């Protein structure tokens, strides 16, 4: 299966330029190896400082997804771009280009979303980011900056914010889980977060293209076919998970269970998972150490696009 062919179907993702999403073969392996080294370094001190400052203002009633998204955005922008104000200024333009049809057009003063996004990208790529933790890399400068913009984009902070929001929701509805979490058991917290990711993967799925004809589940998949991989469905497969619609963190005592929430398994597994989980884990732990909470108003129904999260959920932190 080809990741490159699948992602190329989403024309808007091309706004970031030459990234690991659009590579296969040796080029993909080489780029991923360089990125894995950078993204598995611990940045705990920096992340903890941002989280502590960010959640300090959450006391009282807040729109959960909005504040979680902002906090995660502060983390990734600081890590990848020195929290440069230009990045925050242009994030919305780049996001609009990311979710667009990819049409790059300017006519009589009108700019398509992709055209405006590319202008913003080109201006940001001229900025030097020398002091942030992501500055040192064996990647070519053009490739490094393309990934820097992708990792600090709204796409990432929305996904991370969705996991934090779903974590807060599930702890509210399962007071027995909160009681166990209050013992400070870090391994149990990790299992809770795995279960959140299983039931509410931040991204509902991804595309792949078949590099050759193959047989999947008794079905013939012709070469160059476009395939949709739905994590939200696969993560609730009753043939894999007992009581798949029930929130049961201790199912992860079985370390052989698969989890398809970071781009699937194998060579195209999300290179950013270690850093993403570090931000998610440290945020969840800080919330448990600082607050108790109740989901006060709003809808608890799940909205799946562009990322999964409860609709308009208000939370009161005390």
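The values are calculated or read from the model by the stated rules, or taken from the named source; none is laboratory data. In this text the structure is predicted, and so the values were computed from the model without any measurement. Cβ sites come from the backbone with ideal geometry, for glycine too, and all protein chains shown count toward neighbours.
Would you check if there is a residue in the stretch 306-313 being under 30 Å from residue 20 (Cα atoms), part of a helix (DSSP H, G or I) and at pLDDT below 90?
There is no residue in the stretch 306-313 that is under 30 Å from residue 20 (Cα atoms), part of a helix (DSSP H, G or I) and at pLDDT below 90.
Can you list residue pairs whose Cβ atoms sit under 8 Å apart, with the first residue in the stretch 100-126 being at positive phi and touching a residue at least 60 places away in the same chain (Cβ under 8 Å) and the second being buried (at least 18 other Cβ atoms within 10 Å of the Cβ) and part of a helix (DSSP H, G or I)? Count only pairs 6 or more apart in sequence or on different chains.
102/12; 102/14; 102/114
Which residue out of 211, 154 is in contact with a strand residue (DSSP E or B) (Cβ under 8 Å, 6 or more places away or on another chain) and on the phi < 0 side of the Ramachandran plot? Walk me through how you get there before you give the answer.
On the way: 154 fails: in contact with a strand residue (DSSP E or B) (Cβ under 8 Å, 6 or more places away or on another chain).
Going through 211, 154 in turn, just one is in contact with a strand residue (DSSP E or B) (Cβ under 8 Å, 6 or more places away or on another chain) and on the phi < 0 side of the Ramachandran plot: 211.
Going through the stretch 243-272 one residue at a time, which ones are farther than 15 Å from residue 190 by Cβ, outside any loop (DSSP other than H, G, I, E, B), in contact (Cβ under 8 Å) with a residue 12 or more places away in the chain and more than 16 Å from the chain's Cα centre (by Cα)?
267
Considering only residues that are out of contact with any strand residue (DSSP E or B) (no Cβ under 9 Å at 6 or more places or on another chain) and over 14 Å from residue 197 (Cβ atoms), look in the stretch 284-294 and name the one that is surrounded by the fewest Cβ atoms within 10 Å (Cβ to Cβ).
289
Could you please find all residues in the stretch 46-61 being surrounded by fewer than 19 Cβ atoms within 10 Å (Cβ to Cβ) and touching a strand residue (DSSP E or B) at 6+ places or on another chain (Cβ under 9 Å)? Break it down into steps so the answer makes sense when it comes.
If we filter the stretch 46-61 for residues that are surrounded by fewer than 19 Cβ atoms within 10 Å (Cβ to Cβ), which is where we start, we get 46, 48-49, 52-53, 56-57, 59-61.
Result: 59, 60, 61.
From the list 232, 284, exactly one residue is at pLDDT 95 or above and assigned to a helix (DSSP H, G or I). Which is it? Give the derivation first.
Numbers: 232 fails: at pLDDT 95 or above.
Going through 232, 284 in turn, just one is at pLDDT 95 or above and assigned to a helix (DSSP H, G or I): 284.
Tell me, please, whether a residue that is over 28 Å from residue 41 (Cβ atoms) and in a helix (DSSP H, G or I) can be found in the stretch 66-87.
For the stretch 66-87, residues over 28 Å from residue 41 (Cβ atoms) and in a helix (DSSP H, G or I): present.
Here are some residues: 64, 1. Which one is within 17 Å of the chain's Cα centre (by Cα) and either farther than 28 Å from residue 126 by Cβ or modelled with pLDDT of 95 or more (or both)?
It is 64.
Within the stretch 64-83, does at least one residue satisfy the condition of being more than 30 Å from residue 170 (Cβ to Cβ), surrounded by fewer than 19 Cβ atoms within 10 Å (Cβ to Cβ) and touching a strand residue (DSSP E or B) at 6+ places or on another chain (Cβ under 8 Å)?
Checking the stretch 64-83: not a single residue is more than 30 Å from residue 170 (Cβ to Cβ), surrounded by fewer than 19 Cβ atoms within 10 Å (Cβ to Cβ) and touching a strand residue (DSSP E or B) at 6+ places or on another chain (Cβ under 8 Å).
Being assigned to a loop (DSSP other than H, G, I, E, B) and surrounded by fewer than 18 Cβ atoms within 10 Å (Cβ to Cβ) is the filter here; which residues of the stretch 25-45 pass it?
Result: 40, 41, 42.
Yes/no matrix, rows are residues, columns are (1) at pLDDT below 90; (2) closer than 28 Å to residue 40 by Cβ; (3) surrounded by fewer than 20 Cβ atoms within 10 Å (Cβ to Cβ):
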residue: 125; (1), (2), (3): yes, yes, yes
residue: 138; (1), (2), (3): yes, yes, yes
residue: 194; (1), (2), (3): no, yes, yes
residue: 227; (1), (2), (3): yes, no, yes
